[in-house]
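The values are calculated or read from the model by the stated rules, or taken from the named source; none is laboratory data. All values reported here derive from a predicted model rather than from experimental measurement. No Cβ is skipped: glycine too gets one built from the backbone with ideal geometry, and neighbour counts run over all protein chains shown. Each accessible area value is taken on the protein alone, full model and side chains, heavy atoms only, with ligands, DNA and RNA left out. Shrake-Rupley method; radii C 1.70, N 1.55, O 1.52, S 1.80 Å.
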Amino acid sequence: MANKPQILQVAVPSPLFRCFDYRAPEAAVAQAGMRVIIPFGKRRVVGVVLEIRDRTDVPPARLKSAIALPDAAPVLDSGLMQLLDWAAGYYHHPIGEALSTALPALLRKPETPPDASRQRWRLTGAGREQAPDTLRRAARQAEVLTELAPHPQGLPREALPAPRAVLTRLEQKGWIESFEASDTALPPAHALLTNPHQLNPAQQQAVEHITASTGHFDAFLLEGVTGSGKTEVYLQAITPLLEAGRQVLVLVPEIGLTPQLVERFSTRFAADIAVLHSGLNDRERLDAWRAAASGRAGIVIGTRSAIFTPMAQPGLIIVDEEHDASLKQQDGFRYSARDLAVWRARQLDIPVILGSATPSLESLFNVQQGRYRRLHLPERAGRAAAPPLKILDLRGQPMRSLLSAALLEAMRQHLDRNGQVLLFLNRRGFAPVLLCHSCGWIAECRRCDARMTLHRHSGELRCHHCGSQRRAETVCPGCGNDNLLAVGEGTERIEQALQGYFPDETILRIDRDTTRRKGSLETALARAQSGKARILLGTQMLAKGHHFPNVTLASILDADQGLFSADFRASERMAQLIVQVAGRAGRADKPGEVVIQTHYPEHPLLHQLIAGGYPAFAEAALQERREALLPPFASLALLRAEATRADHPRDFLQQARELAEPLCAGKVQLWGPVADPMERRAGRYRAQLMVQAGKRADLQRLLAEWIPLLEKEKSARKVRWSIDVDPVDTY
Ligand code: ADP
Ligand code: ZN
Ligand code: ZN
């Protein structure tokens, strides 16, 4: 009997909800999780082997052969394969694209560069026999030999004091050689470099609970007011794990938060830290990924997609700022890195910590349900005291550019006492509206239902929704007058006004416009931390998670921005933002103060926050969600559609609704279709249909039956559509 061919079931990066069968290449041993190079249409692409079978339904004449299996071992271990398989199912995303999202870009290409980070140099037998004075006239070569002599297991390139040409010369002489180190030759280092703080009792208790869970699954919500020493809890919970040779994965919502965290981890531990975020080039990302996969990196720190990093010795997962919306991917494979972190920890049977000063309502609810354990840090660590929140009623206040007289006065006082001031405004650019004072013309985006933001410094109008830009008009295109007014405030305008009020101060503006260049955000944050700039002004980037010891006054310039919004999560976000900004003040020895400017001082959200802090707000908000049957008391999914014609998305969603209705069985509700509040964006019209169910399982059942119908639906061909399960933005 002839040997049956091996059939590989391959996940291919494509928008199709299916896998493809290929004949295994001869003389190769396939394993699930391996990359495989295959012919796909006219291209060669990299897929991932899902399963190996001995039969297929594809007729032999049509069955293609895979080209090659480029790796000796799987790039994704079985645990990650299960995680991705589960996530692709839960978020209803094609498995091929999900797997491809998980891989670093260089591994998605057929030609993968060798692992430079594992390359080592060592002396050959001939090299060891060289007497030092043979090289008296080639000092640099001699230096390399001396350096390598005590290291029979080799040294990495960076450890050698010579340029590449010198190594090549020695290699040609046959005195040194390079080789790829096996991972066992490189035990992770993890000595303690600095002494930890003496923990306060609440911190101590948190660390003890976490440590007691070593080696099995437990989900902790570490709820600690800003500055309560959550990071210190992470550090001390990690210490015994590193000592035991285990790895720790730390997720942060924003790339801007990584330098600070890396700094704190690297001053505490002599461990290899692998950092994974969008600011890396492909090469750096691959190296970090491999360092994590091999177990070489004791600590892995990264943004969202780092949840898919393989680890040889996982011991703990930490999700810092777990409430942050950036942990949810908002396009393509729309996964929640926080929720997947909990899933992965359960599967690995290790603990997971979700940390926040302002936990998401979902996580608070999970605590109430007994699914997560709450660890509470009610007070600031060390000597710092939490600053009081003050409402500044803007009605009738004299002010220019959102800087009220009362705020300016407070700023002067804090600066006089040598404090730093942090001002928050969630709007970059100079002014959100450019308007003709003669005829009322307004500069609008040609591709969106939106106004252009004036960026005066560059003389441009930019659309913050689609990114299009043009030179700002100087005369009105409507009436020809040159009477154009910039209306409203962005950070650029506030910066200019501040320069007028505080000519002797260094003002540091941190927003997307000032931090475009690689490394510029780090530089700016370092300047803020050092206290060189005393007035800090910025958007979200500046507000979240940073530790500026010398800031004593923090102000939210325009709280009204978030008080009225169509999104049911808007108030939760606003409350979190206010508490986070407030948390930047008074973090060290000097007492802090927080000023919230608003035209609506009676707003209940502000009242709850002032009177009872975030917990009081959260309790009231959870009650409202319960009554409205909104998450976490219900499950949601959004079907979004967009097209260049306005009627196509609406037609498709109407069809989609009709297809869903018979599947709802009274357990699932459909809302819409409705057009987006901003219907046209980047030249495409957008609409959505919301699906709501009291039980997650009912929602999942409906989606599983519905999506195959949508794929066959004729009107679907005229639109781009997507499913978002557990959406964080609902409009
Ligand atoms: P969080 O992460 O909760 O915002 P951090 O861990 O950044 O808080 O701690 C805030 C500040 O308090 C840091 O400067 C940190 O070094 C300090 N700190 C933390 N724990 C202690 C402690 N037990 N004793 C003294 N200082 C502490
Ligand atoms: Zn005009
Ligand atoms: Zn636009």
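Accessible area per residue for the stretch 7-107 is 46 Å², calculated with a 1.4 Å probe on protein heavy atoms, without ligands, DNA or RNA.
Amide H to amide H, with H built 1.01 Å from N, Ser213 comes under 5 Å of no residue 5 or more places away or on another chain.
Atom-type composition of the exposed protein surface of the chain places 50 percent of the accessible area on carbon and sulfur (1.4 angstrom probe). Of the GluC sites (Glu not before Pro) found in the stretch 599-644, the ones in coil according to DSSP and having at most 10 other Cβ atoms within 10 Å of their Cβ are Glu602.
Working note: Karplus 6.51/-1.76/1.60 with θ = phi - 60° gives the stretch 492-508 the couplings 4, 5, 4, 4, 4, 5, 5, 4, x, 6, 10, x, 8, 9, 8, 10, 10 Hz, where Gly and Pro are set to x. Pairs exceeding 21 Å between alpha-carbon atoms, taken from Lys109/Lys518; Lys42/Lys109; Lys328/Lys712; Lys109/Lys718; Lys42/Lys64: Lys109/Lys518; Lys328/Lys712; Lys109/Lys718. Normalised Debye scattering of the stretch 635-725 at q = 0.13 Å⁻¹ gives log10 I(q)/I(0) of -0.38, counting only Cα atoms as equal scatterers and leaving out solvent. Out of every Cα-Cα pair that the stretch 284-420 contains, those further apart than 19 angstrom amount to 67 percent. Accessible surface area normalised per residue over the stretch 175-297 is 40 Å², counting heavy atoms of protein chains with a 1.4 Å rolling probe. Rolling a 1.4 Å probe across the protein heavy atoms gives the stretch 354-406 an accessible surface of 50 Å² per residue.
For the chain, would you read off the P(r) tail past 40 Å as a percentage of all alpha carbon pairs? Above the 40 Å cut-off, the chain has 43 percent of its Cα pairs.
Residues whose amide H lies under 5 Å from that of Arg428, counting only those 5 or more places away or on a different chain, are Thr491; hydrogens are built 1.01 Å from N in the peptide plane. Here, the stretch 150-284 yields an orientationally averaged convex hull projection of 11.7 nm² when only Cα atoms define the hull. Taking the DSSP bridge list for the stretch 201-377 and keeping only pairs wholly inside it, about 5 percent are antiparallel.
Shown here for the stretch 571-670: chymotrypsin sites (Phe, Trp or Tyr not before Pro) in loop regions (DSSP other than H, G, I, E, B) with at most 12 other Cβ atoms within 10 Å, of which there are none. In the chain, the DSSP-assigned H stretches of four residues or longer account for a calculated mean residue ellipticity at 222 nm of -9500 deg cm²/dmol, using -39500 (n - 2.57) per stretch and the full residue count as denominator. Residues whose amide H comes within less than 5 Å of that of Leu377, counting only those at least five positions distant or on another chain, are Glu223, Gly224, Val225 (H built at 1.01 Å from N in the peptide plane).
For the stretch 404-516, averaging the sequence separation of C-alpha pairs within contact (under 8 Å, six or more residues apart) and dividing by the residue count gives a relative contact order of 27 percent.
A straight line joining the Cα centroids of the stretch 126-159 and the stretch 52-113 runs 44 Å. Most simply put, the chain has about 55% antiparallel DSSP beta bridges, counting only bridges with both residues inside it. Beta bridges per DSSP, both residues in the stretch 2-154: antiparallel share near 95 percent. In units of the compact-protein estimate 2.2 N^0.38 Å, the stretch 443-556 shows a Cα radius of gyration of 1.25.
Couplings for the stretch 690-705, taken from phi via the Karplus curve 6.51 cos²θ - 1.76 cosθ + 1.60 with θ = phi - 60°, read 9, 10, 10, 9, x, 10, 3, 5, 5, 4, 4, 4, 4, 4, 5, 7 Hz in order; Gly and Pro are left as x. Counting every pair of alpha carbons in the stretch 117-182, the share spaced more than 16 Å apart comes to 36 percent.
The mean of 1/r over all distinct Cα pairs in the stretch 1-95, once inverted, gives the Kirkwood hydrodynamic radius of 13.7 Å.
Expressed as a fraction of 2.2 N^0.38 Å, the C-alpha radius of gyration for the stretch 201-377 is 0.94. Per-residue Karplus couplings for the stretch 724-729, computed as 6.51 cos²θ - 1.76 cosθ + 1.60 with θ equal to phi - 60°, are listed in order as 10, 8, 6, x, 9, 10 Hz, Gly and Pro entered as x.
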